[in-house]
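Contents: one structure, followed by commentary.
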Amino acid sequence: MQLREIIKILECKILNSFSNLDLEIAHGSGCDQMSDVLAYVKSDALLLTGLTNTQVIRTADIADVKAVCFVRGKTIDSKIIQLSEEMKIPLLSTKLPMFEACGRLYKAGLKGCEENGIG
Amino acid sequence: MTIEEIVKQLGLKSLTKYDGNATVSGVFASDLLSDVMANSEEENFWITLQKHPNTIAVATLKDLAGIILVNNRKPDEETLEKAKEEGVAIFSTTMFTFEICGKLYDLLREL
Amino acid sequence: MLAMAQKEELTKQQELIYEMRIGLVMTKNPVSVAPEMQMSKLREILQTKRISGMPVLENGFLVGMVSLEDFIECLTSDAMNDSVAKHMSTDVITLFENDFLVTAVREFERTGFGRFPVLNRETGELVGILTKGDILRGVAKKLEVEFHRAEKKRYKNKMHILDHVQADETRFTFQYHIVGNDFNRAGEAAGNLKKNLKRLGLPPEIIRRVAIASYEAEMNLVIYTSGGYMTVRISPEMITVNVFDNGPGIPDVNQAMQEGYSTAENRIRDLGFGAGMGLPNIKKCSDEMLLRSKIGKGTNLRFSVKLYGKNDDN
Ligand SMILES: Nc1ncnc2c1ncn2[C@@H]1O[C@H](COP(=O)(O)OP(=O)(O)OP(=O)(O)O)[C@@H](O)[C@H]1O
Ligand SMILES: [Mg+2]
């Protein structure tokens with residue numbers, strides 16, 4: 001699924017200049033605990049999270065997450081946006097809560113990060 | 001939608017006693033306690049990977065319908081004990097938050 | 001080394017006949033004849049196409065096979081004006097396009113025939129012809145492609161920067177200081193390490209594992225200790241990371257290693273940490289891991305990731 005489609009489905013705001021709309025995203029993950037992201041996320045995934053600190057960007061960089069989307073329309077500190085620019089990680093924000101954001105993407109066909117690739 | 005319907009449809013494993021007829025008003029997915037405290041609503045089903053005893057306090061305070069632990073997380077013993085004391089229903093699934101939200105989203109919209 | 005490579009390929013060859021399907025190696029659109037054609041006409045086809053047998057088709061469906069032997073028989077019995085239908089063999093053994101090569105190999109062995117017509121399993125139509133030569137060529141081609149791929153991978157896995165250094169031993173060492181409690185800068189060391197590993201041209205999967213493990217270690221220092229440092233040693237064989245801190249130490253390291261065990265407070269959880277996954281994660285990412293701790297003194301975590309070897313999945 002292309003980033004542009006995700007942006008449409010989640011009615012996203014684009015937060016930095018690295019959000020290449022053609023970017024291919026194969027998996028989705030909804031998680032607020034960074035160690036779980038590091039342990040389970042696939043490297044071509046979009047990370048949906050309610051956590052809004054710089055560690056989200058650091059984790060995304062370390063785990064090769066393709067793009068990050070903050071849920072529930074939280075205000076994002078400029079420090080976070082700046083770091084995402086440095087790390088060249090596309091950054092989005094949606095007003096939807098985690099449940100609905102995951103639900104809509106799953107319905108649109110985005111896969112999760114379960115080991116066997118199903119579901 | 002009742003707890004029983006969701007448990008059946010998603011094949012959730014129940015770790016405590018629960019009232020199958022209790023209604024679920026919606027779903028709240030978060031691993032941040034402050035987030036759940038601030039934004040969850042009464043009778044919400046709470047999807048999380050947090051398994052420590054504090055989750056029970058939050059679930060009780062916010063009158064949540066129950067907790068679904070994702071990614072095959074097992075609650076701490078103390079968590080289970082507290083859950084039983086407070087009558088909080090806990091379920092577990094091997095699914096991740098993304099997948100279970102996806103399935104529940106479909107399920108809730110069908111109705 | 002060469003002998004080993006050859007042995008590897010032999011077994012690979014055997015594997016391939018279980019993996020490749022007949023449709024992939026057969027000759028498609030084979031020359032065929034109609035049943036009502038005269039045997040005399042076969043001469044030209046057999047000569048110009050240099051083949052020793054061909055399928056006989058009626059409306060796209062196989063009705064028999066006619067061979068050089070059939071032709072010679074007609075020649076000697078003066079029956080060249082007969083139709084092909086009269087001399088072809090009709091009890092033909094066929095193979096299916098989506099069968100594995102191993103089925104064909106068995107049939108060649110069992111019957112001693114030189115060629116088999118290949119049909120589409122659903123429609124029953126003739127789609128090709130298969131000889132032993134087709135199988136050998138197909139397998140050889142596939143091996144070649146795979147060999148090139150393996151070569152490329154080998155090339156990628158090598159740390160070229162070290163190749164050009166003339167010394168008995170080459171090692172890189174990086175050292176990073178980690179400040180306790182500085183949550184905003186936490187993760188910088190691991191991030192910088194990752195950048196450096198990329199510059200060295202290491203395989204992405206190795207980089208990812210080292211980066212994840214050192215990030216987890218760094219976060220633990222920031223959250224639970226007053227700080228410390230991390231040294232990273234890179235040799236041609238492996239990357240070894242050593243993390244030291246100044247305490248408070250871990251009372252029970254085995255317990256700390258358990259998935260889900262955490263002493264984090266709510267404040268830390270709401271910062272996205274404290275799920276008790278860090279140390280297990282480090283173990284998962286590394287080939288070797290050692291955690292030692294003394295209460296009041298400090299903790300030393302050492303882990304290494306091999307650059308080649310078993311845990312180097314692809
Ligand atoms: N360097 C250290 N010094 C003191 N205690 C530590 C250190 N590293 C880990 N610990 C202890 O071990 C526990 C488990 O650590 P681990 O990294 O596995 O999980 P966590 O940090 O609690 O959560 P997560 O890593 O998932 O965010 C920690 O909660 C902490 O009590
Ligand atoms: Mg940790």
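The values are calculated or read from the model by the stated rules, or taken from the named source; none is laboratory data. Just so it is clear, the structure is predicted and the values come from calculations on it, not from any experiment. So basically every Cβ, Gly included, is an ideal-geometry build from the backbone, and we count neighbours across all protein chains shown. With ligands, DNA and RNA removed, areas are computed over all heavy atoms of the protein, side chains included. Shrake-Rupley method; radii C 1.70, N 1.55, O 1.52, S 1.80 Å.
State the antiparallel share, in %, of DSSP beta bridges confined to chain A, rounding to the nearest 5. Each step should come with its number before you reach the end.
On the way: 3 of 15 bridges.
Rounded to the nearest five, the antiparallel share is 20 percent.
Antiparallel as a % of all DSSP beta bridges within chain C, to the nearest 5? Mind dumping the intermediate values first?
Details: 45 of 48 bridges.
Bridges in chain C are about 95 percent antiparallel.
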Antiparallel %, DSSP beta bridges [both residues in the protein assembly as shown], to 5
65 percent
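Name the shape class, rounded, prolate or oblate, that the alpha-carbon gyration tensor gives for the range A:28-99, where a ≥ b ≥ c are the square roots of its eigenvalues, rounded holds for a/c under 1.5, and otherwise prolate holds if a/b is larger than b/c and oblate otherwise.
Since a/c reaches 1.5 but b/c is at least a/b, the shape of the range A:28-99 is classed as oblate.
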Tell me the Kirkwood hydrodynamic radius of chain C in angstroms, computed as one over the mean inverse distance between distinct C-alpha pairs.
25.4 Å
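Considering only protein heavy atoms and a 1.4 Å probe, what is the carbon-and-sulfur percentage of the accessible area of chain B? Let's see the in-between values first.
Working: 2180 of 4860 Å².
For chain B, the apolar C and S fraction of the accessible surface comes to 45 percent.
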Compute the angle between helix C:101-111 and the longest alpha-carbon principal axis of chain C, please, reported from 0 to 90 degrees and rounded to the nearest 10.
40 degrees
iface B-A | buried accessible area, total | probe 1.4 Å | Å², round 100 | 2200 Å²
How long are the three semi-axes of the equivalent ellipsoid for the range C:22-138, computed from the Cα gyration tensor as the root of 5 times each eigenvalue, in whole Å, largest first?
25, 15, 12
Give me the base-10 log of I(q)/I(0) for the range B:21-63 at each q in 0.17, 0.21, 0.27 Å⁻¹, Debye formula, one uniform scatterer per Cα, rounded to two decimals.
-0.39, -0.60, -0.99
Give me the 1.4 Å probe accessible area per residue for the protein assembly as shown, excluding ligands and nucleic acids, in Å².
50 Å²
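Where in chain C is the longest stretch that carries no trypsin sites (Lys or Arg not before Pro) classed as loop by DSSP and with at most 16 other Cβ atoms within 10 Å? Let's see the in-between values first.
Details: sites that count: C:Lys49, C:Arg50, C:Arg121, C:Lys158, C:Arg171, C:Arg185, C:Lys297, C:Lys310.
With trypsin sites (Lys or Arg not before Pro) excluded where exposed in loops, chain C gives C:186-296 as its longest stretch.
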Is chain B best put as rounded, prolate or oblate by its Cα gyration tensor, with a ≥ b ≥ c the root eigenvalues, rounded for a/c under 1.5, and otherwise prolate when a/b is larger than b/c, oblate when not?
rounded
To the nearest 500 deg cm²/dmol, what mean residue ellipticity at 222 nm is calculated for chain C from DSSP H runs of n ≥ 4 alone, each contributing -39,500 (n - 2.57), summed and divided by the residues?
-12500 deg cm²/dmol
Tell me the total accessible area that A and C bury against each other, 1.4 angstrom probe, in square angstrom rounded to 100.
1900 Å²
Any idea what angle helix C:188-199 forms with the longest principal axis of chain C, computed on alpha-carbon atoms, 0 to 90 degrees, nearest 10?
40 degrees
In degrees, nearest 10, range 0 to 90: what is the angle between the Cα axis of helix C:2-19 and the longest Cα principal axis of chain C?
60 degrees
Check chain A and count each lysine pair with an alpha-carbon distance under 16 angstrom, considering only pairs eight or more places apart or from different chains.
10
Using +1 on the beta carbon of Lys and Arg, -1 on that of Asp and Glu, and nothing else charged, what's the dipole of the range B:3-108 about the Cα centre, debye to 20?
340 debye
What accessible area, in Å² to the nearest ten, does a 1.4 Å probe give for C:Ser32?
50 Å²
Over 10 Å intervals from 0, what percent of Cα-Cα pairs in the protein assembly as shown sits in each interval?
3, 15, 19, 17, 14, 12, 9, 6, 3, 1, 0
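Looking at chain B, identify the longest residue range that excludes and avoids all GluC sites (Glu not before Pro) in DSSP loops having at most 16 other Cβ atoms within 10 Å. The partial results should precede the final answer.
Numbers: sites that count: B:Glu41, B:Glu42, B:Glu43.
Formally, the longest exposed-site-free interval is B:44-111.
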Please report the relative contact order for the range C:22-138, taking Cα pairs under 8 Å with a sequence separation of at least 6, and give it as a percent rounded to a whole number.
33 percent
Specify the inter-centroid distance of the range C:255-292 and the range A:7-28, based on alpha-carbon positions, in whole Å.
31 Å
Run the lone-cysteine check on the protein assembly as shown: no other Cys C-beta under 4.7 Å from the residue's C-beta.
A:Cys12, A:Cys31, A:Cys69, A:Cys113, C:Cys74, C:Cys285
Looking at the range C:180-210, residues buried by 50 Å² or more relative to their chain on its own, accessible surface at probe 1.4 Å, turn out to be C:Asn184, C:Lys194, C:Arg208
